[in-house]
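Comments concern the structure below.
The values are calculated or read from the model by the stated rules, or taken from the named source; none is laboratory data. Fair warning: this is a prediction, and the values are worked out from it, not measured in the lab. Here the Cβ positions follow ideal geometry from the backbone for every residue, glycine too, while neighbour counts run over all protein chains shown.
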Amino acid sequence: MAALRLFLLGALDIWHGAQQVPKPPTLKSQSLFAYLALHRQRPQPRERLADLFWGDRPERRARRSLTTALWHIRRCLPTEDWLLSDVHSAQFDPQADLWLDVAEFEALVARPELSCLQSAVALYRGDFLDGFYDDWVLNERYRLETLLSETLARLMVGLEVGGDHDSALAIGLRLLQHDPLREDAHRLAMRAFCRLGQRNAALEQYRRCQQLVQQELGAEPMAETAELYQAILAGHFEVGQPVAAIPAAKAKGPSPLPQGYNPLDPVVRSPLVGREPEMTFLRERYEEMRAGHGGLLLIQGEAGVGKTRLIEEFATHLRWQGVRVLWGRCYEFERLLPYQPLAEALQAVLSTLAPGELADLPAWILVELARLVPELSEKLPGLGASSTAPLEQEQTHLFEGVARFLATLFRDSALVLILDDLHWATESTLQMIHYLARRLAAHPVLIVGALRPEAVDGQSALVSFQRQLGREGLVQSWNLASLSPQAIEALLVEMSGSGQAVAPLARRLYAETEGNPFFLIESLKALFDSGLVRLEAGAWRGNFARVSEAELPLPVGVSEAIQARVRRLDEEARQALGVAAVLGREFGFDQLNAAWQQGEEATLEALDVLLRRRFINEGSGVLGRDYAFHHHKIQEVVYAGLPLRRRQRLHAEVGQAMEALYASGVAAVAGELAFHFCQGRQAGRAVRYLLLAGDQARLAYAHREAIDYYNQALALQKEQGEYELAGRTLMKLGLVYHTRFDFAQARRAFEEGFAQWQQTGKREPRLSQPPAPHALRIRWRCPYTLDPGLCAEYVSGLVVEQMFSGLVSTAPNLDVVPEVAQRWQVLEGGRRYRFHLRPDARWSDGAPLTAHDFEVAWKRVLHPATGDIPSELLAIRGARAFQQGENADTDQVGVRALDARTLDVELEEPVSHFLYVLTSVNTFPIPQHVIEAFGAAWTDVDKIVGNGPFRLEAWDRGQCMKLARNPFYAGRCRGNVGEVVLHFPQDGSTQDLLAPLEQYVRGDLDVLTLTDASVHEGDRIRRQFAAEYLSAPWLFTIYLGFVTSRPPFDDVHLRQALALGADREELANVILRGMYAPASGGFVPPGMAGHSPQLGFPYDPDRARQLLAAAGYADGAGLPILEGLSVPPIDPLITEYLQTQWRETLGIQVAWDVADWPPFRRRLQQDPPHLYILARFADWPDPSYFLPPRNERPRNRWVSQAYEDLVEQARQALDQEARIELLRRADQILVHEAPILPLFYGRQHLLVKPWVSSFPISALNGWYWKDTVIEPH
């Protein structure tokens, strides 16, 4: 007898001599063991094994899992030397004394003797590795099944020829179990039945054959089968003497698997009994979904009642039908992670798709998916990252991207999306599920959720979520009850292999557990752990009478049952289990090993015990960790059983271990790190990760989760006396509340934030670093004005922002922070703001800055003679009538200085982003005392005063401008720059960078902007200085405007023809070499709420020519030469390309002219050309800035009542999601009617010297020179 016998036909079984050997503790390690044994003739590369068995995991984790599995396999072998492995490969020793049933089966079927065939058939106990579904297992299973069918066919023929009709019949019927359509087996059975005197059985066999062939093939049985039937029917076939019974085929060889099994066996799953009505319900809902009635299905029930087990069985049933099933789970400890279960499900499907399979999806959908599945950016390197996003963002865009992805990917097949433990779902997760349920209701998509009602607070978001879905008819629910006494008895009879002998035990267990399946199984495990029940000879053995008659105690509750099992573990396994419970429901090997600190061998030993005792299971999936607790209740009980101080210490150690493990990507686990450091009383680290997690949630549109994280950080900051940091966190909180139209909460957060800032005592030193070694030297264009109220373009705006300060400002991350306003109140539901100015606010000449300076400045900006103004300022009460000249009384405008330090602002209606509006330079104060003294000349070098971080010291308009620190600036400065020098183009050319590039190379410039560079020059510079090149988001859109108030562009067909005749993809990517992104969406740029990707006209010259003809200008005939106007720094390549393309494609002639900004602006107002090119730069991150009403966009004179109505409805909307949707619809009208044609979306392109260690910028083109740091060099 071989030293080691391995049975793979049927369930895996391992024997060493007469002793059964424990199997490796996980399915993966058992499958790997079988694979290595079958392929032991050659070494197997580790890389291939890792991909074959853990291909759904990242490479590092897959190799770690392989190493662990090999360790488990060694533990099962009589000698560890039988497993040969090194860093490159692994192999089962081909010289080892091993008997393999598969090899024996193949040897026997190769022999011609019937006895060998009979032995082979008897050896085939069941499907190859029954219960395993790895790809390699299925392939081997199909091969062996084919070989078995051939063997059965040979054997039944041989037995029939030999006259052994009863055995031939048994073999024939077994063959039909494998292949019901084999007519040779049906005919043999018919003949055998006749020869055994069972004529009616023979006729019935034919009818079964006929029915099967008709159902499966839509045909009739073969001619010879029908002829045999007719012969039997007519009595022409020999019929033998009747026999009492048909003897079964005699089994030879090893005994079949026992019926009973040990509940501690990690491979065998408990059978599903007593759930027939539930399975019927699930299947009916699935059929409804296939008929186009999808939605959400909720399975509700108490902990341990079997929700997950039921859904798993349903999922298995669907997978066998070829249905794609995606799975995601919510987690209690990490409950604030937005969209976690959906991210898991998407990760699972995206990991199986090749880049080519994603090619047909629009890029914007892939960008949105990458927010949830960052690994997608690695799979598609050219995808690009999403731009910096403001607080006021839409969830709808992300939700629509996910919905479109699922609808597109599964348009021809069904999808079931399972989301477990929804009672722990975050608000943002529920919002996305709601959206998907509504959006995919008519698609073949069924969402199945499981939740515990007792874990849901009556005020939680889940309650309102269910109510809303119920009102919309999108949800169906099933309340899962405990198992009945009859089901419990049936379950134990099936599990035990002892028949009705266990019926009394079943009654006792039902009385103790009340039919809760998890409690029942844990009680059985406790009985097996204690030895009161054991598995012997395929059946349970034990003193059932004593247990059943309550002479032996059973745990009184599920917690006690778990605790009793924990107490039976050895000390090392118990310690490891405690650390694992602190790690969470799922955990990785590296995490446990690092946190426990007992060494890798000890960790493997402990895991081996815990796997075998079914406390934990092996994890799966891309996002899943290496291991997971068998049930969340086990983790909860073990965690609760740890002493408080030990829990705190373990949390701190776990957090530190995870910090080290994820050093290069802590952002991905920020929520977990925050939780562990909070529980471990590590306040400093906890705050860091709470804020990081809050910022991530905010950028993922999950405002509720961001608020929760910020509040936790705030509480710790207050405990630590970190008042300044608490003030900053409160600013974040207030802004998030403000964006959600929760003005009462916003007001409280802002007011408390100001109070926290006041506790910091004296203002911190302005220059905390050593002074900069020289001035900050920047190449910039000469500003057109230094008057904040007249500034209408970014060239001047950037300089004005350094010389003046408003009530508030934006930080680089687009947070709103106090500036001149020390604090403010939001009153009357967002209709009134009251700003309290800081007492030390002064102008750069030392004069006090008052609220009157703001009142005068704002009313001056609103004066009809001013021109372009921020449209949101018209939300001020009386501002619109005043600006349009209908009311000249300035007292009717809702801006009033109550006293020198208090400014009161009253709005017509609430504006959620009004604080952002106040960051615009047009809302900055002006020095009333200087203007009264000097009039329009107040901005001259020797007269101008400001209140910003810098003051004007010198200005040579043809050469440069010098700014110096303003000694009276009261804001915070974190940089060390004392002077700024701006170098202007010498000859007026903005695109010749030769001279400034030489300055930069010499080290005479610190920052060189490439925004004005020609395409070829900019591309060359980027390549040459790649290490110093910086590209950052910039919220602006370059567009082509048509003057629609007169022919020919009063005709929408002509406008659309030019739009369809412009290949913006080639222009941006080829001609402009990627300096800009082609504007394939709406006017609102990417990275801003309301952006509509793929909204723009595609390049379609055929359709363009049709529309041109419809406008009466076929091939351009009858159309005059069009006048076009451009402005620096628009690259002339753009106008040249459009000119050439329209001429060659449509026959349209355009004569382009270029004018600097002041004459350009005058020309548009007084004598506008037919079309013009301009850029719209965002002053604040809200789509309304790009979609103003008619009276604020005088340049092209376009009129659309539908557009105006949507913009006005959006202005009045209080629901943020509805408001964004209204603005998106307005953008659709704007793009479709084409008064403008978006050409490109922008980015900032800079060269920054290495010695500039800090140069903060924002997507609003905010440059924070006061916070810039220049190191000695």
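Considering each of ALA107, ALA69 in turn, give the residue that is under 23 Å from LEU604 (Cβ atoms) and of a type in the set (A, V, I, L, M, F, W, C).
Going through ALA107, ALA69 in turn, the sole match is ALA69.
Could you list, in sequence order, all residues of region 50-79 that are among the hydrophobic types (A, V, I, L, M, F, W, C) and within 23 Å of LEU353 (Cβ to Cβ)?
Answer for region 50-79, where residues must be among the hydrophobic types (A, V, I, L, M, F, W, C) and within 23 Å of LEU353 (Cβ to Cβ): ALA50, LEU52, PHE53, TRP54, ALA62.
Quick check on this structure: which one of GLY162, GLY172 is surrounded by fewer than 19 Cβ atoms within 10 Å (Cβ to Cβ) and of a type in the set (Gly, Ala, Ser)?
GLY162
Taking region 1223-1273 on its own, how many of its residues are of a type in the set (Val, Ile, Thr), surrounded by fewer than 23 Cβ atoms within 10 Å (Cβ to Cβ) and not in a helix (DSSP H, G or I)?
Qualifying residue count, region 1223-1273: 4.
Yes/no matrix, rows are residues, columns are (1) of a type outside the set (Gly, Ala, Ser); (2) over 44 Å from the mean Cα position of the chain (by Cα); (3) not assigned by TED's automatic domain parsing to the domain that holds ALA1089:
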{"position": "PRO864", "(1), (2), (3)": "yes, yes, yes"}
{"position": "ALA881", "(1), (2), (3)": "no, yes, yes"}
{"position": "TYR916", "(1), (2), (3)": "yes, no, yes"}
{"position": "SER920", "(1), (2), (3)": "no, no, yes"}
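Go over the candidates TYR142, TYR133 one by one and state the one that is surrounded by fewer than 19 Cβ atoms within 10 Å (Cβ to Cβ), within 30 Å of GLU605 (Cα to Cα) and either at pLDDT 95 or above or of a type in the set (Phe, Trp, Tyr) (or both).
Result of the check over TYR142, TYR133: TYR133.
Does any residue of region 170-193 turn out to be of a type outside the set (S, T, N, Q), at pLDDT 90 or above and touching a Cys at 6+ places or on another chain (Cβ under 7 Å)?
Looking for residues that are of a type outside the set (S, T, N, Q), at pLDDT 90 or above and touching a Cys at 6+ places or on another chain (Cβ under 7 Å), one finds at least one in region 170-193, hence yes.
Can you name the condition, by its number, that VAL799 falls short on among (1) in contact with a helix residue (DSSP H, G or I) (Cβ under 6 Å, 6 or more places away or on another chain); (2) crowded, with 24+ Cβ neighbours inside 10 Å?
(1)
I'd like the full set of residues that are part of a helix (DSSP H, G or I) and hydrophobic (A, V, I, L, M, F, W, C), limited to region 452-494.
ALA455, ALA461, LEU462, VAL463, PHE465, LEU469, ALA487, ILE488, ALA490, LEU491, LEU492, VAL493
Answer with yes or no whether TYR1099 is hydroxyl-bearing (Ser, Thr, Tyr) and modelled with pLDDT under 95.
When the stated conditions are applied, TYR1099 passes them.
How many of the residues in region 166-194 are in contact (Cβ under 8 Å) with a residue 24 or more places away in the chain, of a type outside the set (A, V, I, L, M, F, W, C) and closer than 19 Å to THR146 by Cα?
Final tally of qualifying residues: 8.
Do you know which residues across region 999-1032 are touching a Leu at 6+ places or on another chain (Cβ under 9 Å), acidic (Asp, Glu) and modelled with pLDDT of 85 or more?
ASP1006
Answer yes or no as to whether GLY958 is modelled with pLDDT under 95, of a type in the set (Gly, Ala, Ser) and farther than 23 Å from TYR1264 by Cα.
yes
Is at least one residue of region 972-985 polar (S, T, N, Q), within 43 Å of the chain's Cα centre (by Cα) and in a loop (DSSP other than H, G, I, E, B)?
The answer is yes, given that some residue of region 972-985 is polar (S, T, N, Q), within 43 Å of the chain's Cα centre (by Cα) and in a loop (DSSP other than H, G, I, E, B).
Are any of the residues in region 465-476 assigned by TED's automatic domain parsing to the domain that holds LYS307, under 47 Å from the mean Cα position of the chain (by Cα) and acidic (Asp, Glu)?
Within region 465-476, one or more residues are assigned by TED's automatic domain parsing to the domain that holds LYS307, under 47 Å from the mean Cα position of the chain (by Cα) and acidic (Asp, Glu).
Residue check, ALA749 against (1) closer than 26 Å to LYS1266 by Cβ; (2) touching a His at 6+ places or on another chain (Cβ under 7 Å); (3) at pLDDT below 85, all met but one. Which one?
(2) is the only condition that ALA749 fails.
Please return the ranges of strands (runs of 3 or more DSSP E) entirely within region 788-858 where 2 or more residues are in the same structural domain as GLU906 (by TED's automatic domain parsing), in contact with a Ser or Thr (Cβ under 8 Å, 6 or more places away or on another chain) and free of Cβ contacts under 8 Å to residues at least 60 places away in the same chain.
Result: empty, no element qualifies.
Suppose we filter LEU66, LEU84 for residues that are crowded, with 20+ Cβ neighbours inside 10 Å and hydrophobic (A, V, I, L, M, F, W, C); which single one remains?
Going through LEU66, LEU84 in turn, just one is crowded, with 20+ Cβ neighbours inside 10 Å and hydrophobic (A, V, I, L, M, F, W, C): LEU66.
Between a first residue in region 1098-1122 that is assigned by TED's automatic domain parsing to the domain that holds PRO1238 and a second residue that is surrounded by fewer than 15 Cβ atoms within 10 Å (Cβ to Cβ), which pairs have beta carbons less than 6 Å apart while being 6 or more apart in sequence or on different chains?
Hits for this filter: ILE1121/GLN1149; ILE1121/ALA1151.
Have a look at LEU993, LEU918, LEU982 and point out the one that is of a type in the set (A, V, I, L, M, F, W, C) and in contact with a Cys (Cβ under 9 Å, 6 or more places away or on another chain).
Unique residue meeting the criteria: LEU982.
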